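Chemist: Please find one structure pasted underneath; my questions will follow.
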Amino acid sequence: MNTNSVTIDFKRFKQTLESSSDIGKVKDTGLYRLALSDEDKKMRDLFKKWMEADGLNVRIDDAGNMYGRRKGEQDLPPVLIGSHLDTQPFGGRYDGIVGVLLSLEVIRTLNDNDIKTKRPIEIVNFTNEEGARFKPPMMASGFLVQQFSQDFVYSRIDTDGLRFGDQLERIGYKGSPENRIKDIHSFVEVHIEQGPKLEQTGSDIGVVKGIQGMNWFEITINGHSNHAGSTPMHLRKDALMAAAEMIHKLEQKTADQSLLLTIGKFETSPGSVNVIPEQVKFSLDIRSDNDTVRNTFINEVKTEMKEISRRREAQIDIQDTWTSPTVNFDPALLDIIDYNSKKLGLKSLNLMSGAGHDARYISEIAPTAMIFTPSVNGISHDISEYTTDDDIYNCGNLYLGVVCELANRDKLTE
Ligand SMILES: [Zn+2]
């Protein structure tokens, strides 16, 4: 079968995207569509209606993941495509939504042209990818690969104390465990880049090699509080000054390494203008796509932070709160994306994802890869998030070609 001459119907896609952009709309160009909210329900209902209208067999599993299966000529494990329809508060219209709605457009294009595939093709909308209302993010894809149990998932609460399990039931999307997807031939997720690399290099497409690893820490430094006016500098055990020296050192150490370091939370106490800080707490987010580089860095900075504390007569406690190793996607699948991208004359860039995605977990049970479409100014999770029509059109046609090729293959390497 040759899909070279077949292209997606972009006008139809735009209408679909516009319908989605109206559900939970904020400030003209933004979306506020948190997982399991009324807006999420409304979007799901519409998406379900669309999938059924396109002849897909719709299933919902016990984490609320939505699937729509297009039959293959043979009853084989399907090619899985899709992403997520939930957003951050004041998030954008594109994010993972582009991935889900382009998946639908791929199916519609195949239907229009009466193109049959050997394998079934299955669309997925993962529940609560964002983790904005119920933590952690990527909860329902993690659930599928047994990273999180059903009890754990159902017992997550939002800031109002509402349980995930109850809210899933409330919106009518608590499905059955039998509906969870098990055998997957391959999974390809389309998503916006959420960074500036594609735009800066003038690339049409990102072929995502994997997801960089990260570690989170919670640091507590205990010094001694005293009067700001009567304690000489050399007699102080100032927790904040110790933290400042550590943070300065941390930034210096990242200068010549392929590392990203962020301190997103910082608190001092007692927090009074004329009292020397007794305690400081701060978070550390350290990322790199090289696990060895990251782990060596972590060991070194732990030693140095302890040394600074000791010298300043403060106590330090370093808690590891989250570890996520680097994930490398399937090389054969990446080759297929590369090949199809060249066939369409697109300029592609191979890159690692800086953000987490559902593909991270699904890669544990199936050959997986991702395709990124450029983000204007690298902005995401914001109402100004934008991807151009041309870029989405190119990405959709690439997706179509890749999905067709996968759905007609026995193995990924032939
Ligand atoms: Zn996303």
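Chemist: Extending each Cα 7 Å along its Cβ direction at L412 and T231, get the distance between those two points in nm, one decimal.
Modeler: 5.7 nm
Chemist: Hey, another quick one. Need one number: % antiparallel among DSSP beta bridges in the chain, to the nearest 5. Spell out each step's value before the answer.
Modeler: On the way: 46 of 66 bridges.
Antiparallel: roughly 70 percent of the beta bridges in the chain.
Chemist: If the elastic network links every pair of Cα atoms under 10 Å, which of P270, P325, P136 fluctuates the most in the Gaussian network model of the chain?
Modeler: Highest fluctuation of the listed residues: P270.
Chemist: Continuing with the same structure: Measure nothing but the geometry: give the 0 to 90° angle between the long axis through the Cα atoms of 291-311 and the longest principal axis through the Cα atoms of the chain, rounded to 10°.
Modeler: The helix 291-311 is inclined about 20 degrees to the chain.
Chemist: To the nearest 20 Debye, how big is the dipole of the chain about its Cα centre, given +1 on the beta carbon of each Lys and Arg and -1 on that of each Asp and Glu? Mind showing how you got there, number by number?
Modeler: On the way: 49 positive and 62 negative charges, 45 e Å.
About 220 debye.
Chemist: In addition: Taking 22 Å as the cut-off for C-alpha to C-alpha distance, list the pairs among K71/K182; K25/K48; K209/K347; K49/K182 that go past it.
Modeler: In this structure, K49/K182 lie more than 22 Å apart at Cα.
Chemist: Of I219, S272, S258, which is farthest on the positive side of the dipole of the range 219-290, counting Cα position, with +1 on Lys and Arg Cβ, -1 on Asp and Glu Cβ, and the Cα centre as origin?
Modeler: So the residue we want is S272.
Chemist: Based on the alpha-carbon gyration tensor of the range 137-285 and its eigenvalue square roots a ≥ b ≥ c, which shape applies: rounded if a/c is under 1.5, prolate if not and a/b is larger than b/c, or oblate?
Modeler: Taking the square roots of the gyration eigenvalues as a ≥ b ≥ c, the range 137-285 is oblate.
Chemist: Send over the Kirkwood Rh of the chain, from the inverse of the averaged 1/r over different Cα pairs, rounded to one decimal Å.
Modeler: 23.0 Å
Chemist: Here is a further query. Compute a Gaussian network model of the chain, connecting alpha carbons closer than 10 Å, and tell me which residue from T373, T201, T109 fluctuates the most.
Modeler: T201
Chemist: Separate question: Just to confirm my numbers, what's the Cα centroid distance between the range 367-382 and the range 10-31 in Å?
Modeler: With the range 367-382 and the range 10-31 each reduced to a Cα centre, they are spaced 18 Å.
Chemist: Still on this model: Percent relative contact order of the chain, based on C-alpha pairs within less than 8 angstrom and at least six residues apart?
Modeler: The value is 23 percent.
Chemist: Between R310 and V293, 0.36 nm times their residue separation minus their Cα-Cα distance comes to what?
Modeler: That works out to 3.5 nm of additional length.
Chemist: Among residues other than L333 whose Cβ falls under 12 Å from its Cβ, what is the net charge (Lys/Arg +1, Asp/Glu -1)?
Modeler: Value of the local net charge: -2.
Chemist: I would also like to ask the following. Among L406, A359, A369, pick out the residue whose Cα is farthest towards the positive end of the charge dipole of the chain, where Lys and Arg carry +1 and Asp and Glu carry -1 on C-beta, about the Cα centre.
Modeler: A359
Chemist: How many nm separate the modelled label positions at K71 and V275, each set 7 Å beyond the Cα in the direction of the Cβ?
Modeler: 7.3 nm
Chemist: To test your reading of the geometry: what angle, between 0 and 90 degrees and rounded to tens, separates the Cα axis of helix 331-343 from the longest principal axis of the chain?
Modeler: For 331-343 against the chain, the angle is about 60 degrees.
Chemist: Put a dot 7 Å past each Cα toward the Cβ at N222 and D317; how far apart are the dots in nm?
Modeler: Once both label points are built, they end up 0.7 nm from each other.
Chemist: What GluC sites (Glu not before Pro) in the range 231-316 are in a loop by DSSP, with at most 13 other Cβ atoms within 10 Å of the Cβ?
Modeler: Numbers: sites: E245, E251, E267, E278, E300, E304, E307, E313; in loops: E278, E313.
Taking the range 231-316 and a limit of 13 other Cβ atoms within 10 Å, the loop GluC sites (Glu not before Pro) found are E313.
Chemist: If you take the beta carbon distance between D45 and S283 as r and set R0 to 35 Å, what does 1/(1 + (r/R0)^6) give as a FRET efficiency, to the nearest 0.05?
Modeler: 0.40
Chemist: List the chymotrypsin sites (Phe, Trp or Tyr not before Pro) in the range 311-414 that DSSP assigns to loop (not H, G, I, E or B) and whose Cβ has at most 16 other Cβ atoms within 10 Å. Which are they?
Modeler: Here no chymotrypsin sites (Phe, Trp or Tyr not before Pro) fit, given the DSSP loop and packing criteria.
Chemist: At a Förster radius of 22 Å, what calculated FRET efficiency corresponds to the Cβ-Cβ distance of Q200 and A255, to the nearest 0.05?
Modeler: The formula returns an efficiency of 0.60 here.
Chemist: DSSP loop (so not H, G, I, E, B), at most 15 other Cβ within 10 Å: list which trypsin sites (Lys or Arg not before Pro) in the range 164-205 pass both filters.
Modeler: K182
Chemist: Using only Cα atoms, tell me the angle between helix 239-254 and the longest principal axis of the chain; keep it within 0 to 90° and round to the nearest 10.
Modeler: Result, in degrees: 50.
Chemist: Here's a follow-up. Under the rule a/c < 1.5 gives rounded, and otherwise a/b versus b/c splits prolate from oblate, where does the range 328-408 land using the Cα gyration tensor?
Modeler: Because a/c hits 1.5 or more and a/b fails to exceed b/c, the range 328-408 counts as oblate.
Chemist: Check the straight Cα-Cα distances from K253 and name the lysines below 23 Å, setting aside those fewer than 8 residues away within the same chain.
Modeler: The qualifying lysines are K265, K281, K302, K306.
Chemist: Let a ≥ b ≥ c be the square roots of the eigenvalues of the Cα gyration tensor of the range 1-71; is it rounded (a/c under 1.5), or, if not, prolate (a/b larger than b/c) or oblate?
Modeler: Oblate is the answer for the range 1-71, as a/c is 1.5 or above yet b/c matches or exceeds a/b.
Chemist: Sorted from fewest to most neighbouring beta carbons within 10 Å, what does the list T387, T368 look like?
Modeler: On the way: T387 23, T368 26.
Taking fewest neighbouring Cβ atoms as first place, the list is T387, T368.
Chemist: List the aspartates and glutamates whose Cα sits under 16 Å from the Cα of K342, skipping any in the same chain fewer than 8 residues away.
Modeler: Within the straight-line cut-off, K342 pairs with D204, D391, E405.
Chemist: Of S384, Q88, L240, which is farthest along the charge dipole of the chain in the positive direction, counting Lys and Arg as +1 and Asp and Glu as -1 at C-beta?
Modeler: L240
Chemist: Calculated FRET efficiency, T262 and Q150, Cβ-Cβ r, R0 51 Å, to nearest 0.05? Walk me through the numbers on the way to the answer.
Modeler: Working: r = 33 Å, r/R0 = 0.64.
Calculated transfer efficiency: 0.95.
Chemist: Name the residue, out of L17, L101, L235, whose mean-square fluctuation peaks in a Gaussian network model built on the chain with Cα pairs under 10 Å.
Modeler: Highest fluctuation among the options: L235.
No value in this document is a laboratory result; all are computed from the given coordinates. Values in this document were obtained by computation on a predicted structure and should not be read as measured data. As a convention, Cβ positions derive from the backbone with ideal geometry for all residues, glycine included, and neighbour counts pool all protein chains shown.
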